[in-house]
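What follows is a single structure, written as structure tokens, with notes after it.
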Amino acid sequence: MDNRQAMGSWLSGPRAAMEEAGADFGYRGEQLGLPEDGPNSIARPGRRLGALCVDWGLCVLIAYGLITNGYSPATSNWALLVFFVMSALTVGTVGFTPGKRLLGLRVVALRTGTVSPLRSLLRTLLLCLAIPALIWDRDGRGLHDRLAGTVEVRI
């Protein structure tokens, strides 16, 4: 093995090195019984981040225009509150936020397929804390989804 190959495996991460060694991890969502691609497959991180940006931008606009009447240091705090309320209500009733709908995503409970309001409230609370959303498992689900028993899938 030359130095370039060793450097490449280090940069690719432990999963790529294990796959080169012959380990089979399967695809994201396989352990959850979800398809590999198409409708009801695990949402990719890019779409999830895009939906979050759309939702956050919408909440900042609401806070900026309707609550603080212009920019102030409190605008971002109000935006977080608007995000919490919007996310808890929309995910708990229809299964998606405006950003998720725009990018073709929805949140489903693993056991029932629909997200109850209490499950949505827990998921949203953990999402607003930010740290649980940054810890992912091998299926690409954040800790907030794991603790709430939900998964974000493609429509």
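What follows is calculated from the coordinates using simple rules that are stated; it is not laboratory data. As the structure is a computational prediction, the values presented were derived from the model and not from experiment. Positions of Cβ are backbone-derived with ideal geometry, glycine not excepted, and every protein chain shown enters the neighbour counts.
Results, tabulated for the structure shown:
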read-out	value
Relative contact order (%) - the chain, alpha-carbon pairs under 8 angstrom, separation at least six	23
Helix-only [θ]222 nm of the chain, DSSP H runs n ≥ 4, -39500 (n - 2.57) each, per residue, nearest 500	-15500 deg cm²/dmol
Among 153, 83, 143 - extreme Cα towards positive end, dipole of region 60-155, charges at beta-carbon	153
Estimated distance in nm for a label pair at residue 69 and residue 136, the labels positioned 7 Å out from Cα along Cα-to-Cβ	4.4
Range of Cα positions in the chain per principal axis (Å), largest first	63, 39, 24
Segment residue 128-residue 80, extension gain: residue separation times 0.36 nm, minus the distance between their alpha carbons	16.5 nm
Positive minus negative residues near residue 94 (Lys, Arg vs Asp, Glu; Cβ under 13 Å)	+3
Gain on full stretching of the segment that runs from residue 49 to residue 20 - 0.36 nm per residue minus C-alpha separation	7.5 nm
Extension gain (nm, one decimal) between residue 114 and residue 27, 0.36 nm per residue minus Cα-Cα	29.0 nm
